[in-house]
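Worksheet for the structure shown next.
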Amino acid sequence: MVKPGEKAKVRVKINGVEYEEEMSPRKLLVHFLRDLGFTGTKVGCDTSTCGACTVLLNGKSVKSCTVLAVQADGGEITTIEGIGNGKLHPIQEAFSNNFALQCGFCTPGMIMQAYSLLKENPNPSEEEIRDGMHGNICRCTGYQNIINAVKEASKVRP
Ligand code: FES
Ligand code: FES
């Protein structure tokens, strides 16, 4: 139990590498990640609305602006930097092929949500894709190309 004013120790594995840091127990996971240099994870709203901050925590997609870093202690995190193994992941390829991004701000969160969706359901219907992606907001694309990209990525079986 951390007393007021005390720092909390957080140990996590991010993209397969161990990190241990002391920090305010109020620090959000998204800020922890970005301060470590994982700036692919974006902050769009800070209120659990837009999904730009989506990462995987212990294999499940979470909005990292809604998780305290201390809640991730002992866990495994995957960020957008961790999915491609040095080259584009098939979902990233599909987003590029389908013009599924414009400004790109929502894209890392969209791709992490698609990654999670396809892990749970490798062959989703269009309706299931729309349902699985509904927590991620894009102000540019109009969504159809994003849906097409996820559909294409599902054929490649990432
Ligand atoms: S920044 Fe987390 S949901 Fe928008
Ligand atoms: S591409 Fe600009 S917000 Fe989605």
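The values are calculated or read from the model by the stated rules, or taken from the named source; none is laboratory data. In this text, all values refer to a predicted model and were calculated from it rather than measured experimentally. Heads up, the Cβs are rebuilt from the backbone with ideal geometry, glycines too, and the neighbour counts pull from every protein chain shown.
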Residues of the range 14-31 satisfying the condition of being under 16 Å from ILE80 (Cβ atoms) and touching a residue at least 40 places away in the same chain (Cβ under 8 Å): ILE14, ASN15, GLY16, LEU29
Identify the single condition in (1) within 18 Å of GLY40 (Cα to Cα); (2) at pLDDT 95 or above that ASN85 does not satisfy, given that it satisfies every other one. (2)
Within the range 26-64, can you find the residues that are more than 16 Å from ligand 2 (Cβ to nearest atom), hydrophobic (A, V, I, L, M, F, W, C) and more than 22 Å from LYS119 (Cβ to Cβ)? LEU28, PHE32, LEU36
Just give me the residues in the range 13-58 being touching a Lys or Arg at 6+ places or on another chain (Cβ under 9 Å), β-branched (Val, Ile, Thr), within 7 Å of ligand 1 (Cβ to nearest atom) and not in a helix (DSSP H, G or I), in sequence order. VAL43, THR49
Hey, any hits in the range 33-48 for a residue that's within 13 Å of ASP73 (Cα to Cα) and of a type in the set (Ser, Thr, Tyr)? no
Read through the list (1) under 20 Å from GLU81 (Cα atoms); (2) within 13 Å of ligand 2 (Cβ to nearest atom); (3) in contact (Cβ under 8 Å) with a residue 24 or more places away in the chain, then give the number of the only condition that ASN145 fails. (1)
